[in-house]
Structure formats: C-alpha cells, structure tokens
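Following: one structure in structure tokens, then a few remarks.
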Amino acid sequence: MNKAKQNTKVITPKTSDDSLIIAEDVANLARALCDHLEGFAGKTFLITGAGGFLGKYMVFLLKYLNEHLLEDKVSALLLDNFITGYEQQIGADEHLVFKRHNVIEPLQTEKPIDYIIHAAGIASPVYYTKYPIETMDVGTIGTRNMLDLARDKKVKSFLFTSSSEVYGDPDVKHVPTPETYNGNVSMTGPRSCYDESKRFGETMCLTFWRVYHIPVKIVRPFNVYGPGIRPDDYRVLPNFIEHAIRREPLPIHGDGRNTRSFCYISDAVEAVFKLLFSDVNGEAFNVGNPEPEISIEELAKTVATAMPFKVGLVKIDPPHAVYASSDPKRRCPDISKLKSFVDFNPRYSLEKGLQRTIRWFSGE
C-alpha cells in the first residue's frame, strides 16, 4: 500500500460567533430542548472538558439560552486544562465562568452546583496514545473527584460521558450493540489506556449510585462528528474532510471494510441534556445514530461525492499501531433503550450532517 504524504497545515478553528453553521445548530438545539427550559432556568452547571468538541457545544447552548430564552439566567462553571482543546473557543461571561483546571486535582468552590456534566477526556486515538497517563488519570482520578464533588454538593443530576469504546471490538452477534453487552476489550492493548479508564469510570459512577445514591447517568457516544471538531483530530471523518478541502486523496487505512455509524453533534448534545434532566438514574445509554452503518471505504466515497470538486481516494498502511492492530471491525449502536426512556430520535441523517460539517470546514 502507499504511504500517504503528511500535510501539517490545518484549518483555523471557528467559534459560534463567526460560524453561521454552528449558530444555526445551537438555535435548533435550543428549540429541540424547549420543553426543558425550566431545567436550565436559574440553575448552576459544572461542565468538565468545556473546551472540547461536545463541551463547547454545551457552552454555546447555555449562552444562547441566556441571550434569547431565559429571564432567570443559567450559570455554569466551565473547566478545561486544554491539553487537546482550543482555549479561545470558550465564550465566558458573567454567567458562564471559565476556570483552567485539571480534574485530576480536586476542585474547591463555594458555588452551589445543581448539575455536573463530566465530559473531560482524551478521545482521539492519536492523542490518547500521545498522552496515555493523562488519559487514564482523567477517566479515573478525574471521575472520582467529580463524583466526590457531586456528593458534597448534593447535585440534582450527574452525567458521565463514557464511550462506545467500552465495548471494544464487539462480536458480530452483538451489532447493533445494546447496553447489556459487556464488551470484548483488551486490558493491555494500544487502546486500553482509554477503554479501561472509561470502563472503570462507569464502575465508579454506578458504585456511587448504589452506595451514596448520587443520581448518575452514563452516556456512551458513538462516533460523534460535526462543526467544531478539531480539523487535526485525526479521526476518520474530520481527516477525510480536511484532506478533501485541500483537494488531496482521502486516506483509507487498510482495506476500508471496517464499519461505523455516525452521530451529528446536535443530536448527541440533545440526548445528553434530555438524559441529564430525566428521572432515570444508575443506567448507561448508547448515544448515536445507527443508520447507516457504513464501511470506511463507502464513507470516503460519500465525502468525495459531497465535495463540489473531484476528490480521489487512496488506501494506505495504517499510520499507527492503535489503528493497525486494534481498530474495531464494526461499530453501531442499538439506541432502543435511549428512545424508550427519553423523547429522542436522531434528526440529522449522515448526508445532512456531512453537508453541514463540510460547510463549516469550508468557512461558513
């Protein structure tokens, strides 16, 4: 196979203030959550990983609600150490207060806290291979610190952002994968620093629920993508789009037969808040869009077709051991449990979400 030529140029990231696409997403997200406004009004949130992909959409949403829909403003303490995030994307104001903080250190605050969303983590294989100790620490020590804080503050709800990686490389009999599947996970493989820390994070959450009755919810996102994702994230969709924008062939690792299903960012954030405000505790939920389950080669063709100019494809040797030896063959969620507990159905097809993401990468 060919060795792809690496290009270090990346696209300048945008905020909601200068991105029409993200501004539209946030307004639509607020409408989707209009029945939950009382859950936001006058409440105080703590969001870890607030500078990350999921976290900043949550921040943009809170800011929009304060500016357009809430008389009794929502407050938030926004935490991030920006080991993999862009600090300039945090839009703090008098209600939304940013604090540079590494969650592996206990947080001291006199503020009352109603809700904690623990979204801190290092999710890209390239970055968690670069920072394996930090990855383990945030998933374990960081989660314990947030659970202790939730207990101290007597929060109304605590949500832990886990990962579909807790399932490892699932047996084909368990695809689409339900929450009852215990996984096929290597405890020593190249992904284990991430996979096992998320699994133990879930163990801690459920133990705190059983012992201290902390109202925990766990979400397991499946391949969330969309505007605002780091162009140099190296995961498959942003990697394809970045190459396409540069008019370079889209690099398919290996034979391209492995499959994924992709969830647009707005759908994922909608599910997070609906679960956060729900009465169900001590449960884990897949968050994703099971349709379509698509091979990586077909995904590359779909991205190429969506571009306004001709883009080629190239199959390359996987550039890193985490892809070469441990990339799951299939990844697709069963979301029937999520649908049964909250009013949720994905709003964005892959085609629609992909178009919006390409427009954002193109500067809108």
Of the residues in region 130-168, those that are surrounded by fewer than 18 Cβ atoms within 10 Å (Cβ to Cβ) and farther than 16 Å from Ile104 by Cα come to Lys130, Arg151, Asp152, Lys154, Lys156
Does region 34-53 contain any residue that is closer than 19 Å to Pro227 by Cβ and without any contact (Cβ under 8 Å) to a residue 60 or more places away in the chain? yes
In region 167-185, what residues are assigned to a helix (DSSP H, G or I) and of a type in the set (Phe, Trp, Tyr)? Tyr167
How about region 327-351: which of its residues are in contact (Cβ under 8 Å) with a residue 40 or more places away in the chain, farther than 20 Å from Glu242 by Cβ and assigned to a helix (DSSP H, G or I)? Ser336, Lys337, Leu338, Phe341
Anything in region 116-166 that is at pLDDT 95 or above, β-branched (Val, Ile, Thr) and part of a loop (DSSP other than H, G, I, E, B)? List them, or say none. Val155
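Matching residues to (1) part of a loop (DSSP other than H, G, I, E, B); (2) at pLDDT below 95:
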position: Tyr64; (1), (2): no, no
position: Asp72; (1), (2): yes, no
position: Leu77; (1), (2): no, no
position: Gly91; (1), (2): yes, yes
position: Val103; (1), (2): yes, no
position: Leu107; (1), (2): yes, no
Report the residue count in region 23-37 for those that are under 10 Å from Leu65 (Cα atoms) and among the small types (Gly, Ala, Ser). 2
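The values are calculated or read from the model by the stated rules, or taken from the named source; none is laboratory data. The shown structure was predicted, so the numbers you read here are calculated from the model rather than taken from an experiment. Glycine also receives a Cβ, built like all others from the backbone with ideal geometry; neighbour counts cover every protein chain displayed.
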